[in-house]
1. In terms of the Cα gyration tensor, with a ≥ b ≥ c the square roots of its eigenvalues, is region B:276-328 rounded because a/c is under 1.5, prolate because a/b exceeds b/c, or oblate?
2. If each of residue B:294 and residue D:42 carries a label point 7 Å out from its Cα toward its Cβ, how far apart are those two points in nm?
3. Pull up all non-local amide H partners of residue A:79: gap of 5 or more, or a different chain, and H-to-H distance under 5 Å with H placed in the peptide plane.
4. Based on a Kirkwood Rh over C-alpha pairs, give the Stokes-Einstein translational diffusion coefficient of chain A at 4 °C and viscosity 1.567 mPa s in µm²/s.
5. Restricting things to alpha carbons, find the Rg to Rh ratio for region D:217-331 using the Kirkwood radius for Rh.
6. Aspartates and glutamates near residue A:38 by alpha-carbon distance under 13 Å, same-chain residues fewer than 8 away left out - which ones?
7. Return an integer: the convex hull volume of the alpha-carbon atoms of region C:216-261, in Å³ per residue.
8. So what are the radius of gyration and Dmax for the Cα set of region C:142-277, in Å?
There are 4 protein chains.
Amino acid sequence: MSAIGREQLHLNDVPVPQPPPGQVLVKVNAVALNYRDKMVIETGRGLPLGFPFTPGSDLSGEVISTGENVKHLSIGDRVISTFTPDWTDGLRPGTGRTPAYRTLGGFYPGVLAEYVAMPEKWLVKAPKTLNDAEASTLPCAGVTAWFALVERARVHAGNTVLIPSTGGVALFGLQIAKANGAEVIISGRPENEQRAIALGADHFIDKKREDWLEAVYELTADRGANHVLEVIGGPHLAKAVQAVAVGGHICQIGALEGFELSAPAMPLMLKDVTIHGIGTGSRKALENLVRAVDRKAIKPVIDTVYEFIDLFSALDHLDRGPFGKIVVKVA
Amino acid sequence: MSAIGREQLHLNDVPVPQPPPGQVLVKVNAVALNYRDKMVIETGRGLPLGFPFTPGSDLSGEVISTGENVKHLSIGDRVISTFTPDWTDGLRPGTGRTPAYRTLGGFYPGVLAEYVAMPEKWLVKAPKTLNDAEASTLPCAGVTAWFALVERARVHAGNTVLIPSTGGVALFGLQIAKANGAEVIISGRPENEQRAIALGADHFIDKKREDWLEAVYELTADRGANHVLEVIGGPHLAKAVQAVAVGGHICQIGALEGFELSAPAMPLMLKDVTIHGIGTGSRKALENLVRAVDRKAIKPVIDTVYEFIDLFSALDHLDRGPFGKIVVKVA
Amino acid sequence: MSAIGREQLHLNDVPVPQPPPGQVLVKVNAVALNYRDKMVIETGRGLPLGFPFTPGSDLSGEVISTGENVKHLSIGDRVISTFTPDWTDGLRPGTGRTPAYRTLGGFYPGVLAEYVAMPEKWLVKAPKTLNDAEASTLPCAGVTAWFALVERARVHAGNTVLIPSTGGVALFGLQIAKANGAEVIISGRPENEQRAIALGADHFIDKKREDWLEAVYELTADRGANHVLEVIGGPHLAKAVQAVAVGGHICQIGALEGFELSAPAMPLMLKDVTIHGIGTGSRKALENLVRAVDRKAIKPVIDTVYEFIDLFSALDHLDRGPFGKIVVKVA
Amino acid sequence: MSAIGREQLHLNDVPVPQPPPGQVLVKVNAVALNYRDKMVIETGRGLPLGFPFTPGSDLSGEVISTGENVKHLSIGDRVISTFTPDWTDGLRPGTGRTPAYRTLGGFYPGVLAEYVAMPEKWLVKAPKTLNDAEASTLPCAGVTAWFALVERARVHAGNTVLIPSTGGVALFGLQIAKANGAEVIISGRPENEQRAIALGADHFIDKKREDWLEAVYELTADRGANHVLEVIGGPHLAKAVQAVAVGGHICQIGALEGFELSAPAMPLMLKDVTIHGIGTGSRKALENLVRAVDRKAIKPVIDTVYEFIDLFSALDHLDRGPFGKIVVKVA
């Protein structure tokens, strides 16, 4: 991209980069798209982009050459990217005034390219059990659901998890919750019920049911959900606060219905609820997810894989609420 | 009270109760008031009150007789009440549908009386270093600030705590944060600055400053506050989310500015913020607070002590935003 | 029992007790034995027993009558006992000088009887999916493994759990770890390998292999086990400390090889290891386990069910290292 | 050093290094010694040292030149070193088989030199309120006590901390526990009682008292200590396990009395005790300590400052059990 706007998106032929010290050259095989990519392409989203700018953050690929002093990766290694490369483990970067915003395809250059060179520390070895398209879905959607449910909310067997969506993060949440022994209630459009059940959901609630909250209470014998993966945002947080159990956890992840959250104070306070603000996860969390994916044979849900030349169609599909992830095949 | 409404509040002569098995009779010496008491008296607050009803929840007094099978208390013990007597330790009672609401002076009878009989488990031994009026402030305001800062948000030396008020819970928060080694920023009306500083506040911000948020960033060198004791509620939560540090904690305690919270999603998510809903604390937390009060010589801040016959004046004072607690002297 | 010693164990006909206020009468259907029961019967174990004394702690049965003021249980309810009835949730009772020792069949009367009356708070509703013999194994062995792995060590998908035994707590540990998505390595006698694998163990190591530690390292690609359920004790803790991963957790549960633990300091310190002392679990943990058992269809492993009159054979069996639990059928 | 052994320790004139990219050159002003330094010099401690080898790990100094791409430090910045430079935050490096051992003055070159060049990420800005000798004590002894008490055991106001020593880590533990509002019991040689009390200790127990454990119980009204900073090791862990409170924390830090720990199993299990293996702390913990030192005006306790040419006397002093730290003045 030479400027902001979809019409500025061109496939340019540029020399294949040589990896400087500490970096590796990756042949990109697949890139998973996030709704954020669409916003960055179309509006820039207020980010300090350097042009020409390459969008996209979530790659799977193969190391094809290594710079000096590269220690952990070798030619031939299958790798995936980290979304927030400066966040290794523990506390993430940033300040109260300026939250962390240095992500691939945002502050840092993106990965919608045939070849990218990047520091080896920005890459994690891909799961052995996933193909390229599947592996590309982990760096943002996968690690977000994992970090929320496992490393913050600490879901375990016997818990009930409420997930009010069937998008990319939501379906990872379903699979990760099931892999940790939890019961899962999915809420979404009725045409997705069968696919959600097939993926392991224990219960499905039509998201437009008038007695939506009553349905949650009934399915949990009034206890409420121990965990809510709040991927919708805006006023929907109010529903999460009402649906959650005493001592329960709400992971605030998405803002599809608005960036201004609202919720009633009393149930939040009287039920001793914890709300976790979630903005993807650390590199360590991604490594933990990769191990769990291989051990538990988790297969990410992909709605459609598009060819690189059909990128615009792929971006359009994001608006229609896919069931799982949209992936672009690069090689 | 024979019905809801301030005009229904009468001082009745009733026989001094005899404590049944497991209960003790307490001579009440002082009762600290909460804004909730005013609401219960004037509106009932939707609670299932049994009439005649006695309001008030926070007593300090002395055990003057004991029923059969009382094991932990003796005649002469100085005691304080627990606000939520069924919450001993760990998870509080209640369900997702029906949060815990069984409190003294709410579901259970209150303590604005010369003598009350109650289960010994509803009482905790009073701190040795406090007088009756001071001790009566712990069961609600004191334990709320303690539970929030120490048992949920886990404040420690080197942290910065932001407290946007000078009310009862707020000033306990100031003293508890200082007792745990933290730096404290108080925000309030300018006429309270000197008293807040005298109590140990490190910094004071006029709550009406136009550059309020900028002031927080400057005092923390952009880091933001590690902990915010959000005692105001409503749209003020938005300020807390902006002012808090990366990885920081917001304790949502009060709803003076409204029961409908609102806040921006992005800083909550990108700063990995945790919001804790706080509704007082457990009996175990109150015991821990009593120990800390004695060890650290914490003296609760009382704005005014009223005589029992001046109860209406005391209730009126609650509306004017006291600096610390309002207490009614009973004996 | 009228005194300590197995020869003092008699089946006495006593009147069926009437439940006093707050208590219920339970018809006992099955009692699971623990090695502790054998020690109490044969040596008294230094406990302040009141004679005549009834041993046994882990019952499953049915409520057949209720005293006054019983609120949570009804006639016909299937119930199981709590091992440490005063430990509800949060911090357990006891002091630094005198640890909690008030257990059923120890300080409190036991349950090896056709009928027992006890406070309703000492009982938890039995899982719907288990028969009486199975349900009786939860109050001690089951809740110990659950409390250790889920509520203290917080096992999750992708973790590796090392369990060096095939006894009652160990096999619950295996099933609970699997229910939470972990990989499990069992170590034991070779004749138990097939049964352990059939229960879901991912790997089995002969406990007498000379290169036992090397085997653990190989199975974990040098990482070590994230969690070790140390049910053996004595000098075996040294093996746990060597086998555990960086940042890993050791749950110290048993003392079969001695009450004096020993372990090397350096790997404990350099690997940032946490050791949790585990002595059963709280009532809340037992309720959580019951829910997980029903949801995940966990079937406790019972080696042999004995008739009540064969109690001595059952006690003898405990010495031979059963594969899972020994249960006595009462009704 | 050209080989292991104190007689191999020479002060060599070598060219002042030029900092390569990402590194800075530090003029060393003071180096605090640890008992480990003595062992490395005299025995090599089994570490893979490269000769010529420079011992020492804990420096304070000043940045006097910067290599390319240095972003966070500038000429003139006062800095201290990190002891385990690869441990930034969260999980430390290493595996179950091979714990992390890459420390300054161990695997990496040490700092007992006039000038050292090292990556900027290995340095942290020094506290503003400490002089060079004081600042040099933080990288090992200071951060170890901080990480143990604040980041693992989470000490707070009202807690009692038992510290059975008056060495470097122990006295930091005393100061850090007090800064977090705790009560502190120090145990040591009687000649150190007055100095310990002067530093803020609330109680002092002669470490040779026959009724040592009874003394702890009496000072805590039988509750035991909430936290024990176990800096002695070997069989002393048994005392810690007996002295600790129900639900208490033992931080296992030192091995002065032996590398083979031993302790009784029953109180560990019945009191629900947690043992934390502590091997210094992360870079993030050191940054947190620096902030707390400045805010709380903590002044590290230095027994003696030696001139660089008196290094052997300084090493000898380590054997005699100093009260606080031994520091070598370099510039």
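The numbers here are math on the coordinates, done by the rules we state, and not lab data. The structure displayed is predicted, hence computed values, not measured ones. So basically every Cβ, Gly included, is an ideal-geometry build from the backbone, and we count neighbours across all protein chains shown.
1. Prolate shape, in that a/c is at least 1.5 and a/b is the bigger ratio.
2. A separation of 4.7 nm, rounded to one decimal place.
3. Answer set, sorted by chain and number: A:61, A:62, A:63, A:126.
4. Stokes-Einstein gives a translational diffusion coefficient of 64 µm²/s.
5. Ratio value, two decimals: 1.06.
6. Once the sequence-local aspartates and glutamates are set aside, what remains near residue A:38 is A:7, A:316, A:319.
7. So the per-residue Cα hull volume is 59 Å³.
8. Values for region C:142-277 (Cα only, Rg and Dmax): 13.2, 37 Å.
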